[in-house]
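Have a look at the structure below before the remarks.
A short reminder: the numbers here are calculations on the coordinates, not readings from a lab. Small disclaimer: the values here were computed from a predicted structure and weren't measured. In this analysis, Cβ positions are derived from the backbone assuming ideal geometry, glycine residues included, and neighbour counts consider all displayed protein chains.
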Amino acid sequence: MIDIKNITKSFGSLQVLKGIDLHIDRGEVVSIVGPSGAGKTTLLQIIGTLDRPDSGTVCVDGIDVTSLSQKKLSDFRNQHLGFVFQFHQLLPEFTAIENIMIPAYIAGTSQRQAKQRAKELLDFMGLTDRATHKPNELSGGEKQRVAVARALVNNPAVILADEPSGSLDTKNKEELHQLFFDLRDKFGQTFVIVTHDEALASITDRNIHLRDGLIETPIIPQETCLDSETTTPSE
Ligand SMILES: Nc1ncnc2c1ncn2[C@@H]1O[C@H](COP(=O)(O)OP(=O)(O)O)[C@@H](O)[C@H]1O
Ligand SMILES: [Mg+2]
């Protein structure tokens, strides 16, 4: 599902990633952990095609994303990836359901279908009665669940989350974490979650420890995009 080979990334003279090898299976929920400044966000952004590595290859959902043009990358992100950030980043002037529908519009989905899908997701999240509320009328936990629904609206293969529960209280944290596993079980998504939260890290399928620009005990990918034509990219 995700195959990373020998990724390096520097900002000026600071080499943040020093040769990362990583393989993540479809349907895995993995956490990326490590000290602040270790390069967790940088790695997640590279997996999410929001940043490019200086060298190395990144394959996501059977596609070598390091070779895509900017235009193809934005289509790829819209169709294959969902993002959840620490602070929900919902658009304040739109309602919950509208925020969820926006990526579907960008993908060219009809309004009827986008609304239908957004309603299903709101229902799944237990937020049906919050559909027409704007973000400032929602609690922190509700906002974050709307953000997760927005990430899911195009049914992406991979959800990337950067400290998703970092701004939530314990109860909302636990609910959000459970939601990730429920979603994986229901929709089969792959989750890559950067977290400081030990409770979350302890329940993920695998912890990826990042330290000094390298992964402790890396699993080196066996295949590259080039010989993974049998992989069927999701719709
Ligand atoms: N765009 C950037 N320009 C310069 N330095 C950056 C940039 N992004 C990250 N860094 C630096 O790279 C290092 C790793 O950052 P980051 O990936 O955000 O770490 P983490 O998420 O593990 O805390 C930090 O020292 C940070 O200051
Ligand atoms: Mg970070």
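Measuring between their Cα centroids, the range 152-204 and the range 16-85 lie 17 Å from each other. Mean residue ellipticity at 222 nm, helices only, the chain: -10500 deg cm²/dmol; runs of at least 4 DSSP H residues each add -39,500 (n - 2.57), and the sum is divided by the number of residues.
In degrees between 0 and 90, to the nearest 10, how far off the longest principal axis of the chain does helix 70-80 point, with axes built from Cα atoms? In the chain, helix 70-80 runs at an angle near 60 degrees to the longest axis.
From least to most packed, judged by other beta carbons within 10 angstrom and beginning with the fewest, ARG117, ARG150, ARG112, ARG77 follow the order ARG112, ARG117, ARG77, ARG150. Considering only beta bridges that DSSP places wholly inside the chain, some 50 percent are antiparallel. The calculated FRET efficiency for the pair LYS18 and LYS171, based on their C-beta separation and a Förster distance of 45 Å, comes to about 0.70. Between ALA107 and SER10, the contour length at 0.36 nm per residue exceeds the Cα-Cα span by 31.6 nm. Spatially close Lys pairs in the chain, defined by Cα atoms under 17 Å apart and a spacing of eight or more places or different chains, total 12. Length gained on full extension, ASP212 to ASP123: 27.8 nm, using 0.36 nm per residue less the C-alpha separation.
Among SER67, SER10, sorting on how many other beta-carbon atoms sit within 10 Å of each Cβ, with the fewest leading, yields SER67, SER10. Extension gain, THR132-LEU68: 0.36 nm per intervening residue step, less the Cα-Cα distance, totals 19.3 nm. For SER55 and LYS186, a Förster radius of 35 Å and the Cβ-Cβ distance give a FRET efficiency of 0.40, rounded to the nearest 0.05. Using only Cα atoms, find the angle between the long axis of helix 140-152 and the longest principal axis of the chain, and express it within 0 to 90 degrees, rounded to the nearest 10. Roughly 70 degrees, rounded to the nearest 10.
To the nearest ten degrees, helix 170-187 and the longest principal axis of the Cα atoms of the chain are 80 degrees apart.
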